[in-house]
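Right, one structure below, let's go through it.
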Amino acid sequence: MTTDSSFDVVVIGAGPVGLACALEVQRQGLTAVVVDKGALVNSIIGYPTNMEFFSTPELLEIGDHPFPTAHYKPLREDGIDYYHRVARAEKLNLRLYERVTGLEGDLGHYEVITEKGQISCRYVVVATGFYDIPNYLHVPGEELPHVTHYYKEPYAHAHQDVVVVGAKNSSAKAALQLLRTGARVTMIVRGEEISNSVKYWIRPDLLNRIKEGRIKAYFNTTIERITPEAVEVSTPEGPLSIPATHVYALTGYHPDFSFLAALGITCQTDLAQTPTHDAETLETNRAGVYLAGTVCGGLNTSRWFIENGRYHAQVIAAHLAGQPAPALPEVLQPVQLSVATPAVPS
C-alpha cells in the first residue's frame, strides 16, 4: 500500500467539530484533510427527521460563519445545509466514505491508514463523536429486524404497538411523536421516573400523556427478552408480555473505544473511561495526536456538545501554530455530569 497524499493535519471525523478543526488549522496556514467513514455530518443525517436542536443558531456556528435560519432553534435539515455551506465556503478537502483503520509512525511523520490507501501527515485530530455505537441491551431478541437503536420518524407505526426503551430526551420525543401519529406507545424505564434531564418543555407533556393513560409506562422495569411479537419484561408486580411490532431501544451511545485503541490512544480507569489527553492542549498520550469534541468525554457523552466542543478547534490550531490557547468562554465551560451505565436502559 502506497501513500497517495500528504498534509500537515488529518482530521478524522466530518462532523461539525471536525469541520471546525480543519478550517481553523487552514487559517493557521497549515494544510488539512477531513476523512470520514460516512457522509458529511453523518451523525446529523442520522438524527430524526425535522429534529429541533436544543441550541440557538449562534451556538452552532463554526468559523464565524453566520447560521441563518427562520427557526429560533434550527432543525436537523437547517444544520445539514449550514455545515455543507461552510465546508464549501472554506474549500475544505474532504475524503468521505473512507474508513480509517490505523495509524503508523510518530510525531511529524504519521501515516493514516484507510481502506483506500495511506495519508501522510504531521499531526492527527480525532473528532469522531459517539453516535455510531449504541448502548446495547444485551438481551435475547435484540438482533431482530424490528428492534432498532435509532429513531427517525413515526409515520410507519400508525395503529401499531410500539415499545420505546429509555427515559431521556430521545425516548421522550419519540414516544410523543409516535403517540400523535396514532401509534399505541408503551415506555419501558429501568429507573423510577422520567429523567429530570429531559428538556423542560418536553417532560411535562410526556408526564401528562402518561397520567392520562395515552402512553403506558412501566418504571423500575427491565427487559428479559424480545420476541417477534412482544417484549417480555420484569416489573415490580411480576413478569409481563407487552405486544410490540416495533421496538426503539433508545438507551444512548458511546465512543468507539476499539478505534481509539487502534490509533494508539489509551483511556483512563475512571467511570467514564476518559480517553487520555491534556485538558489544556487536547493532545493525547500519542504525541501529535489530538482529540476534539464529544469523544473527549468518553462515556460522559453529556460533557461536550457542538456548542463548547467547537472551541477545541481553536485550541488545537493555536497549539499547532505555537500560539497560546484561547480561553474557553465561561458560559460554555463543560459541566461534569454523572456517567450513566452503558448497555442498559435508563
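The values are calculated or read from the model by the stated rules, or taken from the named source; none is laboratory data. Since this is a predicted model, take the numbers as computed values, not measurements. Cβ placement follows ideal geometry from the backbone for every residue including glycine, while neighbour counts extend to all protein chains displayed. Protein only, heavy atoms only, side chains kept; ligands, DNA and RNA dropped before computing areas. Shrake-Rupley method; radii C 1.70, N 1.55, O 1.52, S 1.80 Å.
List of remarks:
- Tally, over the range 72-107, of residues that are assigned to a loop (DSSP other than H, G, I, E, B) and either at negative phi or modelled with pLDDT under 95 (or both): 10
- Qualifying residues in the range 316-346 (those that are modelled with pLDDT of 85 or more and not in a loop (DSSP other than H, G, I, E, B)) - the one farthest from SER55 (Cα to Cα): LEU320
- Against the conditions (1) under 21 Å from THR276 (Cα atoms); (2) assigned to a loop (DSSP other than H, G, I, E, B); (3) of a type in the set (S, T, N, Q), THR69 satisfies every one except (1).
- Any hit, the range 118-134, residues being at pLDDT 95 or above, assigned to a loop (DSSP other than H, G, I, E, B) and surrounded by fewer than 22 Cβ atoms within 10 Å (Cβ to Cβ): no
- The residues of the range 174-202 that are open to solvent by 80 Å² or more (accessible area, probe 1.4 Å), farther than 16 Å from PRO154 by Cα, out of contact with any strand residue (DSSP E or B) (no Cβ under 8 Å at 6 or more places or on another chain) and of a type outside the set (A, V, I, L, M, F, W, C), listed by number, are GLU192, GLU193, ASN196, TYR200.
- Top-ranked residue in the range 12-56 [being assigned to a strand (DSSP E or B) and touching an Asp or Glu at 6+ places or on another chain (Cβ under 9 Å); ranked as surrounded by the most Cβ atoms within 10 Å (Cβ to Cβ)]: ILE12
- Among residues of the range 105-116 that are in the same structural domain as GLU283 (by the TED database), those with a Cβ under 7 angstrom from a residue that is open to solvent by less than 30 Å² (accessible area, probe 1.4 Å) and outside any strand (DSSP E or B), sequence gap 6+ or separate chain, pair up as LEU107/GLY288; GLY108/GLY288; TYR110/GLY288; THR114/GLU98; GLU115/GLU98; LYS116/GLU98.
- When residues of the range 135-163 are limited to those that are assigned to a strand (DSSP E or B) and out of contact with any helix residue (DSSP H, G or I) (no Cβ under 6 Å at 6 or more places or on another chain), the one nearest to VAL41 (Cα to Cα): THR148
- ARG190 at pLDDT 95 or above, of a type in the set (D, E, K, R) and over 21 Å from GLU237 (Cα atoms): no
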